[in-house]
Amino acid sequence: MAGYPLAMAARDLQERIKKLIVDQRLPSGAPLPTEPELMRLLGASRNSVREALKALQAMGIVEIRHGFGTYVGSMSFAPMIEGLAFRTVAGHYRGEDSLLQLLELREAVETGLVSRLAGRLPEADLLALEALVQRMEREAAEGAGLAETDRAFHATLYRGLDNVLLGEVLEAFWDAFHRVRQDLVEAPQDPRITCRQHREILDAVRSGDSLRAERAIREHFGNVRGRLSRVAASHR
């Protein structure tokens with residue numbers, strides 16, 4: 001129990017440093033007060049300040065540049081996303097449906113967003129998506145894997161939304177999926193089906209038919225969900 005107040009004090013110090021960043025409206029890359037200044041402002045010891053800064057650096061909130069000082073970090077979602085990916089992979093290997101749950105989260109996100117894109121994608125993005133579908137079709141004909149092209153298709157589809165968090169959540173799905181891909185060999189999908197599904201998503205978005213676009217996304221994820229469900233059942 002003796003360590004509990006210390007842990008509380010450490011979290012409080014982190015919160016006060018975060019409040020300082022917010023209150024002073026410091027942007028990413030801005031220098032923070034020096035260690036002695038933080039010690040004075042926060043009424044804390046050098047070791048306490050250093051430990052708080054190290055914890056905040058692990059979260060991407062600050063960046064410690066040894067010999068130069070401490071700066072506001074990039075505020076990246078990477079630590080959160082890494083935790084999500086790790087939790088998903090660890091749960092999968094414990095026999096949980098964590099990968100299926102992450103897929104359902106991604107399906108809900110993409111289904112909700114794709115209708116906003118129907119008929120609104122710039123020509124440059126449509127051309128890029130067309131090139132990716134054609135590449136996918138060539139890879140299928142050659143018997144090559146489609147995973148990276150599939151990944152690029154979804155990243156390109158949503159890049160016009162300029163939503164960093166969405167992009168990183170999608171990356172978390174792909175990272176988790178990639179780490180357990182050896183388990184999915186038991187239930188491969190015909191690459192021609194994958195190509196057809198992505199062609200349908202593109203055609204629906206290009207046509208401006210939001211309901212058709214939603215159906216196309218749901219069909220695509222329905223097939224992936226079926227594969228994951230079969231793998232999960234085989235491990236029970």
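The values are calculated or read from the model by the stated rules, or taken from the named source; none is laboratory data. Because the structure is predicted, anything quoted here is derived from the model rather than measured. FYI the Cβ positions are ideal-geometry reconstructions off the backbone, even for glycines, and counts take in every protein chain you see. Heavy atoms of the whole protein, side chains included, go into the accessibility calculation; ligands, DNA and RNA do not. Shrake-Rupley method; radii C 1.70, N 1.55, O 1.52, S 1.80 Å.
What the table shows:
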| quantity | calculated |
| --- | --- |
| Derived scalar couplings ³J(HN,Hα) [the range 28-45; Karplus, 6.51 cos²θ - 1.76 cosθ + 1.60; whole Hz; x for Gly, Pro] | 4, x, 6, x, 8, x, 5, 3, x, 5, 5, 4, 6, 5, 9, x, 10, 6 |
| Tail weight of P(r) past 16 Å, computed on alpha-carbon pairs of the range 1-99, percent | 62 |
| Accessible surface, per residue, of the range 61-100 when the full set of protein chains is kept, probe 1.4 Å, Å² | 57 |
| Where labels lie 7 Å past Cα in the beta-carbon direction, separation of ALA90 and ARG40 in nm | 4.2 |
| Surface share of carbon and sulfur [accessible, 1.4 angstrom probe, percent] for the range 3-128 | 59 |
| Gain upon complete extension [ARG116, LYS18; 0.36 nm per residue less C-alpha separation] | 31.8 nm |
| Read-out log10 I(q)/I(0) by the Debye sum over Cα atoms at q = 0.11 Å⁻¹, derived from the coordinates shown; its label in [x] -0.56; [y] -0.67; [z] -0.73 | [z] |
| Rounded accessible area of THR34 (nearest 10 Å², 1.4 Å probe) | 70 |
| Crossing angle, helix 3-23 versus the chain [Cα axis fit, 0-90 degrees, rounded to tens] | 80 |
| Farthest toward positive dipole pole in the chain [+1 Lys/Arg, -1 Asp/Glu at C-beta], among PRO191, GLY112, PRO27 | PRO27 |
